[in-house]
Amino acid sequence: MAVVIIGGGQGGFQTAASLRAEGYQERITLIGDEPGVPYQRPPLSKGFLLGKQEQRHAELRPAAFYETQRIDLLTGRVTAIDRVARRVKLDSGEQIEYDTLVLATGARNRPLPHEGVFYLRTLPEATEIRQRLAAAQDVVVIGGGFIGLEVAAAARTLGKQVTVVEGQPRLMARVVAPVVSEYFRGQHEAKGVDILLNAVLLGISEKEVLLEERTRRPADLVIAGIGVVPNVELAREAGLPVGNGITVDEYLRTPDERIFAIGDCAESPSMFAEDLCRLESVQNAVDQAACVAKANVGHRAPYGAVPWFWTDQYDIHLQMAGLPTGFDQVVTRGDPESRKFSVFYFRGGKLCAVDSVNRPADHLAARKLIGAHATVSPDQAKDESFDLKVSRAE
C-alpha cells in the first residue's frame, strides 16, 4: 500500500506527519511544486517581511525529519491523475502509483488585470517583496483583508508611506462585523496608514496608482491581496466534482473512495456553516490532515473540528472562532477603547462565532462553547461578570 499526497503546503505536510504518528508503515510520497522542504505561510506576511524571521524559521520540519520518518519528498508538478490505474503523472514524465491519494493542492492568488503588481503567497514572492520594501518609500496595498492589512502593518512598521485601497465599504468585510472593521481601520489610521474605502482601481503605472474620480496615489511598490482561487483543475480533469473547491463528504473523501481532498482546495459539509464551505486556515489544513490520516489507519470519523483563525497587525492579535455566516445579531464584550474586547455573533439565537482582540481567554472559551454547541445568550455574552466557562451544552 502507498499514500501519495499532492501539495507540499501545511495540509500536505501534516497528512504525511500524521500518518506516521498514527503508525502507518507503508510508503508515503509528498509531491510539492516548490523546491526544498515544506514551510508555513503565516510568517511570510508578518515577521519575515519585517526581517525578524528567515526561511529556516518558516520550515515546518528540517530535512532530516523526512528522512527519519521515511517520507519521500518530490519536487514537480502533477499533470494528470489516472483513477483507473491509480497513479499520478508528473511533468517530468514519472508516474507514481497510489492506494490512497490526498489532494492538498491549496490555492493561488487572485490576480489583478494590471501589470506591475506583486503578490504574497509563496516564499519566493515574500522574499522579493521584502527586498523591494527595503528600497520603496510609497507602498500601495490593494485589498483590505487579512493579507493586505498584515502587509500594510509590516510596511508601515518599516517606516514606509502606506495606502490601503479597498473596494468594499469597510475592511475585512467578508469575515468580521462592522465594529471589528472600524476598530482595525482606526488602528491603522492612527499609525499613519491612508485607508481608501469604496475605491475603484483604474490603473497602475510605474510610480502611481490611478483610482476613480482621478484620484492618484504615489506608488513605487504595489502589493495586492484580493483573495485566492482554489486549485481544482487537476481534480476536475480527473472527473471529480468541484464547486468552490474540490467537493468532499463529511469524511473529506471525494466520490472516488481512494481520493481525499483537504485544506484550501476542498469544500466540505460543516456543522458550523449553513452549506458546504471552503476554509483558508492553518487550523483547518492541520485538522483535516489528521482526520484523513486516521481514516487511513482504520479510525474513520466525520470531520468536525471548530474552525478558528488569527491575524497579527502591529501589536493587535485578533483570534476568531466559529463561522459568522448568516449571523443576525452581534454583541460586544469589553470596550474597544481598551484595545481588549470580543465580538459574539448569533444566528437564530445561537452562538456561531466569536472574534477576540487581545483577549486570548475569551477565544479559548469561545472554541469550547462553539464546539459543545453550548447555550449562551447575547445578554450573557456581553456581561463581563458572566463566566463563559460555566455555560451548559445543549
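Bear in mind that the values in this text are calculations on the coordinates, not laboratory data. Predicted model only: the values in this text are computed from it and were never measured. Ideal geometry is used to build each Cβ from the backbone, glycine not excepted, and the neighbour counts take in all protein chains shown.
At-a-glance table
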{"item": "Prolate/oblate/rounded call for segment 315-390, Cα gyration tensor, a/c under 1.5 rounded", "result": "rounded"}
{"item": "Label-to-label distance, nm, for residues given as Leu50 and Arg258 (7 Å Cα→Cβ offset)", "result": "4.8"}
{"item": "Test item: Cα-centred dipole of segment 309-371, Lys/Arg +1 and Asp/Glu -1 on Cβ, debye", "result": "300"}
{"item": "Inter-centroid distance (Cα atoms) of segment 1-68 relative to segment 329-394, Å", "result": "34"}
{"item": "Derived scalar couplings ³J(HN,Hα) [segment 321-327; Karplus, 6.51 cos²θ - 1.76 cosθ + 1.60; whole Hz; x for Gly, Pro]", "result": "10, x, 10, x, 4, x, 5"}
{"item": "Ordering of 210-216, 140-146, 152-158 by burial proxy (mean other Cβ atoms within 10 Å per residue, highest first)", "result": "140-146, 152-158, 210-216"}
{"item": "Phi to ³J(HN,Hα) by Karplus 6.51 cos²θ - 1.76 cosθ + 1.60 over segment 208-225, Hz, x for Gly, Pro", "result": "7, 10, 9, 10, 4, 6, 6, 6, 10, 10, x, 7, 9, 8, 10, 10, 10, x"}
{"item": "Relative contact order for the chain, counting Cα pairs under 8 Å that sit 6 or more residues apart, in percent", "result": "14"}
{"item": "Ranking of Leu60, Leu201 by count of other Cβ atoms within 10 Å, fewest first", "result": "Leu60, Leu201"}
{"item": "Amide proton proximity set for Thr247, modelled H, under 5 Å, gap of 5+", "result": "Val242, Glu267"}
{"item": "Theoretical FRET efficiency, 1/(1+(r/R0)^6), r = Cβ-Cβ of Ala361 and Leu210, R0 41 Å, to 0.05", "result": "0.30"}
{"item": "Net dipole in debye of the chain [+1 Lys, Arg Cβ; -1 Asp, Glu Cβ; about Cα centre; nearest 20]", "result": "460"}
{"item": "Total formal charge among the other residues, if their Cβ is under 10 angstrom from that of Asp82, Lys/Arg +1 and Asp/Glu -1", "result": "+3"}
{"item": "Fewest-first ranking of Ser205, Ser18, Ser385, Ser342, using other Cβ atoms within 10 Å as the exposure measure", "result": "Ser385, Ser205, Ser18, Ser342"}
{"item": "Residues Arg174 and Glu274, FRET efficiency given R0 of 25 Å [Cβ-Cβ distance, rounded to 0.05]", "result": "0.95"}
{"item": "In sequence order, calculated HN-Hα J values of segment 66-75 (Karplus, 6.51, -1.76, 1.60; Hz; x Gly/Pro)", "result": "6, 5, 5, 8, 6, 10, 7, 9, 10, 9"}
{"item": "Helical segments meeting 15 Å axial Cα length and Kyte-Doolittle 0.5 threshold in the chain (DSSP H)", "result": "146-157"}
{"item": "Shape of the chain, Cα gyration tensor, a/c cut at 1.5", "result": "oblate"}
{"item": "Computed E for Leu197/Thr127 - FRET, C-beta separation, R0 25 angstrom, nearest 0.05", "result": "0.20"}
{"item": "Amide N of segment 261-286 lying under 15 Å from the label point, which is placed 7 angstrom from the Cα of Asn244 along Cα→Cβ", "result": "264-281"}
{"item": "Proximal lysines to Lys52, defined as alpha-carbon separation beneath 25 angstrom and excluding residues fewer than eight positions away on the same chain", "result": "Lys160, Lys191"}
{"item": "Net charge, Gly227 excluded, C-beta distance under 13 Å - Lys, Arg +1, Asp, Glu -1", "result": "+2"}
